[in-house]
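First comes the structure, then the notes that go with it.
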Amino acid sequence: MNNPSIDITLLTEKRYLRPIPGNPYLENIFLEDQLLTRALESRGLKVHRTRWDDPEMDWSETKFAVFRTTWDYFDRFAEFDRWLTETAALTQFLNPLELIRWNAEKHYLKDLQQKGIPIPPTYFILRGSSGSLAEHVQKMPWDELILKPVVSGTARHTYRFERGQSETLEAVFKELVAEEDMMLQAFQRSILTEGEVTFVVFGGKFSHAVRKVAKPGDFRVQDDFGGTIHAFEPTGEQIAFAELAVGCCPQVPVYARVDAMWHEDGSLMVSELEIIEPELWMRFHPPSAEVFADAIGQGMNRLESGK
């Protein structure tokens, strides 16, 4: 790589490359990228923004690529995985490639659990495994379950069902498990009453939090399904929990999002730890864009110094 002309490229996907007037969803995406771009440019950095699969992009022309809204990667994972390998030879990723690969499949939850981080009771089913969904369900003591792929986002192929209803998902389960690893989890009813709390963490330190609440009659908290976002002020104990979870990663991420649910005893457990392309809700806390930019700068310095 010889004298790249761009310091940082923010990565998105085709659907979010151009604004569409009157589309609040896209307006939020552009607002957050603008907040971050301004913060980075104020530090003297040249910033570019494009889709991760841009066929005209010469990736050797950017020093670093920062994943922001690449929210189609889990639908095109084989292609995305090849692109990661090819592009990592031309530029450096933030978060680093090692963390991206670790975080891409939810097997990482086992790593967190082994380090003492509570997670929902989880059972993994490897690709190509024999046995019906009902047979796998029978191995678990749970009355209500969640089925989803190990590579997933935005509630992709996420199904809630009761123990005796597995036959209704048998066909889709067989189709999915033939191609990818799957997972069963004990459904946490607190999601219906308390929602999910999200902690945004930069450089291992807590920045801000929001609470996501599903619409009545649904369990999915994403705004794609009518979920709503609310300000949330965590306790010191909750902040320590989120920072501890991030500290259990193979290395400290430049940016991360810890999604947590409440156990019936009031304690928290990590439902997901997002370090590839998390939505960070900087618009709820605009000063966080400056903190994010500082964390990116520190991450750049570490990679450039080889530490």
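If the segment from residue 82 to residue 186 were pulled out straight at 0.36 nm per residue, it would be longer than the present Cα-Cα gap by 34.1 nm. Counting only lysines at least 8 places from residue 46 when in the same chain, those with an alpha carbon closer than 19 Å to its own are 63.
Legend: ranking of residues 198, 37 from fewest to most surrounding C-beta atoms inside 10 Å; resulting order 37, 198.
With the charge dipole of segment 122-186 set up from +1 on Lys and Arg Cβ and -1 on Asp and Glu Cβ about the Cα centre, the Cα lying farthest toward the positive end among the listed residues 147, 137, 173 is that of 147. Distant-in-sequence amide contacts of residue 65, defined by a placed amide H-H separation under 5 Å and a gap of 5 or more residues or a different chain, comprise 9, 92, 93, 94. Pairs from the table (148/212; 14/106; 14/212; 115/174; 106/205) lying more than 30 angstrom apart at Cα are 115/174.
With θ taken as phi - 60° and the Karplus curve 6.51 cos²θ - 1.76 cosθ + 1.60 applied, the whole-hertz 3J(HN,Hα) list for segment 59-65 is 5, 6, 8, 10, 5, 9, 10 Hz, x standing for glycine and proline. Calculated FRET efficiency, residue 294 to residue 231, Cβ-Cβ distance, R0 = 30 Å: about 0.85 to the nearest 0.05.
In what order do 51, 15 fall by count of nearby beta-carbon atoms within 10 Å, going from fewest to most? Don't jump to the answer; show the numbers that get you there.
Values: 51 17, 15 14.
In order of increasing Cβ crowding within 10 Å: 15, 51.
Could you please rank 177, 246, placing first whichever residue has the fewest other Cβ atoms within 10 Å of its Cβ?
Details: 177 21, 246 26.
Ranking 177, 246 by Cβ neighbours within 10 Å, fewest first, gives 177, 246.
The HN-Hα couplings worked out from phi for segment 181-198 by the Karplus form 6.51 cos²θ - 1.76 cosθ + 1.60 (θ = phi - 60°) are 5, 10, 8, 10, 9, 5, 5, 9, 5, 4, 5, 6, 10, 9, x, 10, 9, 10 Hz, whole numbers, x standing for Gly and Pro. In this rough spin-label picture, where each label sits 7 Å from Cα along the Cβ direction, the residue 251-residue 193 distance is 4.3 nm. Converting phi to 3J(HN,Hα) with the Karplus coefficients 6.51, -1.76 and 1.60 and the offset θ = phi - 60°, segment 5-18 yields 8, 10, 7, 9, 10, 8, 9, 10, 9, 4, 5, 10, 6, 10 Hz in sequence order, with x at every glycine or proline.
Per DSSP H run of n ≥ 4, the term is -39500 (n - 2.57); total these for the chain, divide by its residue number, and report the mean residue ellipticity at 222 nm rounded to 500 deg cm²/dmol.
Counting only the DSSP helices, I get -9000 deg cm²/dmol.
Using the Cβ-Cβ distance between residue 305 and residue 115 with R0 set to 25 Å, the FRET efficiency works out to roughly 0.35.
Every read-out reported here was derived from the displayed coordinates using simple, explicitly stated rules and does not represent laboratory data. These numbers were taken from a predicted model, which means no experiment stands behind them. Please note: Cβ atoms are built from the backbone with ideal geometry, for glycine as well, and neighbour counts cover all protein chains shown.
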